[in-house]
Amino acid sequence: MEKIRVAIVGAGNIAQSAHLPAYQKRDDLEVVAIADWNLERAQDAAKAFGIPKAFQNIDDMLANVDCDYVDICVWNRSHADCAIKAAAAGKNILCEKPMAYNLEDALKMKEAVEKAGVTFMLAVPTRYSGEAQLLREMVDAGKLGDIYYAKTANIRRRGTPIGWFTDTAKSGGGPVIDIGVHCIDRAWFLMGCPKPVRVSASTSYAIGDFKTRGVSRWTALDSDVTAFDTEDSACGVIHFENGAALMFEVSWALNAPNSGYTQICGSKAGATLDPLTIYGEEMGYLSDNAPKSENVNIFEAEIAHFIDCLRTGKRPASDLDQAVTMQRMLQGIYDSARLHKEVEI
C-alpha cells in the first residue's frame with residue numbers, strides 16, 4: 001500500500017503531544033515535513049519525530065515538499081491563511097478546531113476548499129471516543145427515539161492557560177472557542193447534527209488573570225504573550241430547526257467545582273457519557289444500562305478516519321459543512337453575549 005504523505009504546519013503542543021505521536025504508530029503514513037514560524041522549534045520537532053524537512057512557513061513547505069494533505073496545528077488566527085494556501089496548492093486538509101478565528105475567515109476557507117475540490121476535515125477528537133461512536137450508532141438506529149434535549153459542560157474552577165490562548169487577536173476567544181467547541185460539538189454530534197437556528201448566551205469576565213496559589217496552569221509553547229482579554233466563562237442555549245435544544249456551560253475560571261458532562265435525552269431513552277449509561281425502561285420499569293465500548297485513543301481514531309476517507313473517497317464525519325456550521329454556533333454565542341440578546345444563526 002502506497003504511503004500517504006502529510007506535512008504539518010505548527011510545531012506546538014497539539015502537534016507534538018497528539019498528532020505526531022499518532023502518526024508514528026502508522027506504517028501507512030509518512031510525515032514528510034513540518035513548518036513553524038519558530039524555525040528552531042520546527043527543527044527540534046523534526047529531529048524528535050524523525051521528520052526529514054523543517055521550514056519556517058507554509059509557503060516554503062508547500063513549494064519544496066510534495067504531500068497528500070496538510071495538517072494545520074497553528075493558532076486559530078492563522079488557520080484560514082494556512083488552509084487557503086494548502087487548498088490553492090491542491091492539498092487535502094486536516095484542521096485543528098476551531099475551524100477559524102471567526103465566521104468570516106471560516107467562509108473564506110470554505111470558498112477556497114470548494115474551489116480547489118480538496119477534502120477538508122475538522123479535528124474534533126471527542127467525537128471519536130468509543131463511547132461517543134457507540135452512542136451515535138444507537139441514536140442513528142432509533143434506540144433513543146427523537147432527540148429533543150441535550151446539555152453539556154466543561155468547567156474548570158481555575159484552568160486558564162498561559163500564552164496565546166488568552167490573546168483574542170490570536171485565539172478569537174477564550175474557553176468557548178478553546179474547550180467549549182469540544183463539548184458543544186460532541187453533544188451536537190450525538191444529537192444527530194440538527195441545523196442550529198438561534199442562540200442565547202452570556203459570557204463573563206469576572207476573574208481574569210487570577211493569581212490563585214496552589215494551582216498549576218497549562219502553558220503553551222508560545223507563552224511570551226502578555227495579552228489577556230478573553231472571557232472566563234460562558235453559558236447559553238442553542239436552538240435547532242427540529243425544535244431540539246442544547247444547553248451548555250464552559251469555563252477556564254469559575255467559582256464552581258470542576259465538572260464535565262454530556263447528556264442527551266430522547267423520546268425513548270436518554271444517555272450520558274463518561275461512562276456511557278443509557279436511561280430507559282425495561283418491561284415497564286425504569287432501567288439503567290451501561291454498554292461497554294472499545295477503549296480507543298481519540299486522536300489516533302480521528303486520524304484513522306481521515307486517512308480512510310482519503311483512501312476511499314468517503315465524506316469525513318466532521319466535514320467542511322459541519323465545520324462551518326460549528327463556527328456559526330461559536331460566532332452566535334459571542335454575538336449573543338455581546339448584544340445581550342438572542343441572535344439567529
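For the reader, a short list of remarks on this structure follows.
- Highest-fluctuation residue, 284, 145, 159 considered, GNM on the chain with Cα pairs under 10 Å: 284
- The chain: angle of helix 39-49 to the longest principal axis, Cα-based, in degrees nearest 10: 80
- Quarter the surface of the alpha carbon convex hull of the chain and you get the mean projected area, 18.3 square nanometres.
- Nearest-ten-degree value, helix 320-339 long axis tilted from longest Cα axis of the chain: 70
- Extension gain, residue 283 to residue 267, is 4.1 nm, computed as 0.36 nm per intervening residue step minus the present C-alpha separation.
- Note on the chain: dipole from Cβ charges, positive end direction compared against 84, 10, 207; the farthest Cα belongs to 207.
- The gain in end-to-end length when the residue 294 to residue 213 segment is fully stretched comes to 25.2 nm, 0.36 nm per residue minus the alpha carbon separation.
- Other residues with beta-carbon under 15 Å from the beta-carbon of residue 38 carry, at +1 per Lys or Arg and -1 per Asp or Glu, a net charge of -3.
- Of all segments of the chain bounded by GluC sites (Glu not before Pro) found in a DSSP loop with no more than 11 other C-beta atoms within 10 Å, the longest spans 3-240.
- Helical runs (DSSP H, four residues minimum) scored at -39500 (n - 2.57) apiece and divided by the length of the chain put the mean residue ellipticity at 222 nm at -9500 deg cm²/dmol.
- Remark: relative contact order (the chain) = 20 percent; criterion is Cα-Cα distance under 8 angstrom and separation of 6 or more residues.
- Of all beta bridges that DSSP places with both ends in the chain, some 55 percent have antiparallel geometry.
- Axis angle, to the nearest 10 degrees, between helix 79-88 and the longest C-alpha principal axis of the chain: 60 degrees.
- A simple spin-label model places the labels of residue 344 and residue 143 3.9 nm from each other, with each point 7 Å out along Cα-to-Cβ.
- When +1 charges are put on Lys and Arg Cβ atoms and -1 charges on Asp and Glu Cβ atoms, the dipole computed for the chain relative to its Cα centre reaches about 360 debye.
FYI, it's all coordinate maths here, none of it is from the lab. Worth saying up front: this structure is predicted, and the values here are computed from it rather than measured. FYI the Cβ positions are ideal-geometry reconstructions off the backbone, even for glycines, and counts take in every protein chain you see.
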